[in-house]
Each structure stands twice: as C-alpha cells, then as structure tokens.
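What follows is a short report on a single structure.
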Amino acid sequence: MNTPLLDIRNLVVDYPGKGLRAQPFRALDSVSIDVRPGECVGLVGESGSGKTTLGRAVLGLAPVTRGAIDFKGQNISVLSTRERRRLSSDIQVVFQDPYTSLNPSMTIGEILAEPLIAQHTAQSAARKRIAELLDQVKLPSDAVKRLPRDFSGGQRQRIAIARALALRPQLVICDEPVSALDLSTQARVLDLFTEIQRDTGVAYLFITHDLDVVRYVSHRVAVMYHGKIVERGDTAQVTTAPTHPYTQRLWMAAPIAEPVAQRERRERRLAMAADL
Ligand SMILES: Nc1ncnc2c1ncn2[C@@H]1O[C@H](COP(=O)(O)OP(=O)(O)O)[C@@H](O)[C@H]1O
Ligand SMILES: [Mg+2]
C-alpha cells in the first residue's frame, strides 16, 4: 500500500500556442501526485485548472514537456505508442459523458468484448468475463443484446465502468464520471465505484469539480489551481480544514442556489456521513 502505483513528479505540460508568435500555454506546472494500489485520490479544482490534462498525460494523450510519470516504477511518459498500448490493460479511463463515450451502433456485448478481443481473449472466456462484468456493475445479463440508446445515463455509465474493468486494470482514471448524472443517480454510481474498489483493489485517480463527490469517494485529495497543486492531504483534513486560500474559496463557493438541489445535497451529505 505504501509504494505508489502511479507516481507523477514535477510534470509540466505545455500546449502549443496558436499562430506564429504565440507562446505555448502551460497547462500543468510542475505537478507531483501519487496514487497507491487500491487507493482513491481525488483531484479537485475549478474548470480549466488542468485536471483533464493531468488524466490525459497519464493516458499518453497530452504532450509531456518535462517531468516523470512512473507507473509501477517505470517512467511511462517516454514510451513509444506500441509499448504504451500494452499498458492499456493496466490503466483504463471512464469519461464524463456516457452519451458520447459508447458507440451507438454497437451492442453492449460488442462494446464489452472489444477490449477482450484486442487482448486475444478466447470467445468462451470473453463471454464469461462479460457476464461477470455486467453482474459487477449490476446490469441484467440480457443487456448484451441491447444498444446504448436502450439505457439511461446512469446505466450507460455502468457500461462504461464495466468496459474499463474488462481487463482487470490496476488504475482507472475517472474524469468527472458522475458529473453528467442527476444527484440520486450520482450517489448510486459513486457507491458502485467504492464497492468495485473494495472488491477488486483497483486504484482511482478521481477527477471532479464537485466537493461532495470528492469527499465521498477519496482517501486523499489534491487541489488544483491554474495548473498547480496548491493543497493536498487526507480527505478529512483538506475538506474540513483547508489551509490554502484558494481551497477555502472553493469550499465556500460550494453551496448552490436552488433550494431543492440544496436540500438534496444536504441529504446526500448526511447520508454520506451516516455511512462513515
Ligand atoms: N489541446 C489543448 N490545446 C490547447 N489548450 C488546451 C488543450 N486542452 C486544454 N487546454 C487548456 O488547458 C487548460 C486546462 O484544461 P483542462 O485540463 O481541460 O482543465 P479542467 O479539466 O480542469 O477543466 C485550459 O485553459 C484549457 O483551455
Ligand atoms: Mg476536465
């Protein structure tokens, strides 16, 4: 539990500027963060702070200017595309939008078979694994024959989670995976994330702008602001006694205007507290 699974050190990501004289834009400025096996590390910050860029850098999808991304002791930021593809069974991702992340013309069975086939899993073994996955995300086994459009947003996110788990990854990057869902669906999908983590020992880098979400799922939290991590620590400490002025402001901005949503949020918070 103490050796990090993922160890990012002094990561700098510059996006090229547009136009001839444009300066590159520094999206991540010397970011260090680690995730241990079986742990959930929350990455929180307002929109545009660089959270998605960090997740994409781990997935090999953002340009690394400097720094190291060690996964199980190996710096993966210098791997070739081919070497990186081999990592895809170890590092997976769940994105925010369950409506665009699933191919609308593929059945759920085909969607879940895809990663298995890519790793040359035999058909009978793939079928068995798909049944296990549907059971793990609590969807009926006849889902295999249906199309994404037959499912609600929350159910689609369960399918995306099942797909991410297909190859038994050790790390899943979760980029705002419940932000598109309504509150009660959010709570159920978050419970599923937690349950899967307990059962499989998978680690999460859990990206969100929502403080309630980060509080609910994370063991540790890092707060990002303008491409830098400005505060980090245990979830309880960072969420109850933040020391950085930005974190304090973020926490204060959290209450929302609509009374109904606010009541739901309060109830959810109480329910969460009761679960602890
Ligand atoms: N491909 C890109 N090219 C140039 N700038 C980008 C690119 N992707 C993101 N950015 C910029 O980098 C900053 C961080 O973006 P992002 O990582 O998406 O933040 P977050 O996920 O926290 O909202 C933003 O200012 C965004 O406009
Ligand atoms: Mg983002």
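Determine which member of the set L134, L139 is part of a loop (DSSP other than H, G, I, E, B) and at negative phi.
Values: L134 fails: part of a loop (DSSP other than H, G, I, E, B).
None of the other options fit; the residue is L139.
When each of L54, L43, L28 is tested for being touching a strand residue (DSSP E or B) at 6+ places or on another chain (Cβ under 7 Å), near ligand 1 (Cβ under 9 Å from one of its atoms) and within 15 Å of I91 (Cβ to Cβ), the lone residue that passes is L54. Filtering segment 45-88 to residues that are of a type outside the set (S, T, N, Q) and open to solvent by 60 Å² or more (accessible area, probe 1.4 Å) leaves E46, G48, R56, L61, R66, K72, G73, V78, R82, E83, R85, R86.
Filtering segment 28-41 for residues that are part of a loop (DSSP other than H, G, I, E, B), more than 16 Å from ligand 2 (Cβ to nearest atom) and open to solvent by 50 Å² or more (accessible area, probe 1.4 Å) leaves a non-empty set. Return yes or no: is V230 touching a residue at least 12 places away in the same chain (Cβ under 8 Å), within 18 Å of V35 (Cβ to Cβ), open to solvent by less than 80 Å² (accessible area, probe 1.4 Å) and in contact with a helix residue (DSSP H, G or I) (Cβ under 7 Å, 6 or more places away or on another chain)? Judged against the criteria, V230 is not a match.
Checking each residue of segment 79-88 against the condition of being in a loop (DSSP other than H, G, I, E, B), under 24 Å from D29 (Cα atoms) and within 16 Å of ligand 1 (Cβ to nearest atom) gives no match. Selection of segment 89-109 for residues being hydroxyl-bearing (S, T, Y), open to solvent by 80 Å² or more (accessible area, probe 1.4 Å) and free of Cβ contacts under 8 Å to residues at least 60 places away in the same chain yields T100, S105.
When L167, L250, L183, L211 are checked against the criterion of being open to solvent by 20 Å² or more (accessible area, probe 1.4 Å) and within 16 Å of ligand 2 (Cβ to nearest atom), a single residue qualifies: L250. Across segment 110-131, the number of residues qualifying as open to solvent by 10 Å² or more (accessible area, probe 1.4 Å) and either in a helix (DSSP H, G or I) or in contact with a Leu (Cβ under 7 Å, 6 or more places away or on another chain) (or both) comes to 15.
Which residues, counting only those in segment 17-27, are within 16 Å of ligand 2 (Cβ to nearest atom) and either open to solvent by 20 Å² or more (accessible area, probe 1.4 Å) or polar (S, T, N, Q) (or both)?
Here is the first cut: in segment 17-27, the ones within 16 Å of ligand 2 (Cβ to nearest atom) are 25, 27.
Result: F25, single match.
For segment 43-100, the tally of residues that are within 16 Å of ligand 2 (Cβ to nearest atom) and either at pLDDT below 95 or not basic (K, R) (or both) stands at 24.
Per the conditions (1) farther than 15 Å from A162 by Cα; (2) within 20 Å of the chain's Cα centre (by Cα), the sole criterion not satisfied by A118 is (2).
Of all residues in segment 186-208 being within 16 Å of ligand 2 (Cβ to nearest atom) and among the aromatic types (F, W, Y), which is surrounded by the fewest Cβ atoms within 10 Å (Cβ to Cβ)?
Of all residues in segment 186-208, those within 16 Å of ligand 2 (Cβ to nearest atom) come to 204-208.
Next, only the ones that are among the aromatic types (F, W, Y) stay: 204, 206.
On the way: Y204: 24, F206: 30.
Result: Y204.
Screening T65 on (1) part of a loop (DSSP other than H, G, I, E, B); (2) more than 23 Å from V202 (Cβ to Cβ); (3) of a type in the set (S, T, N, Q) shows it passes everything except condition (1).
The values are calculated or read from the model by the stated rules, or taken from the named source; none is laboratory data. This structure is a prediction, so every number in the text was calculated from the model and none was measured. Positions of Cβ are generated from backbone atoms using ideal geometry, with glycine treated the same way; all protein chains shown enter the neighbour counts. To get the accessible areas, we keep the full protein, side chains included, count just its heavy atoms, and leave off ligands, DNA and RNA. Shrake-Rupley method; radii C 1.70, N 1.55, O 1.52, S 1.80 Å.
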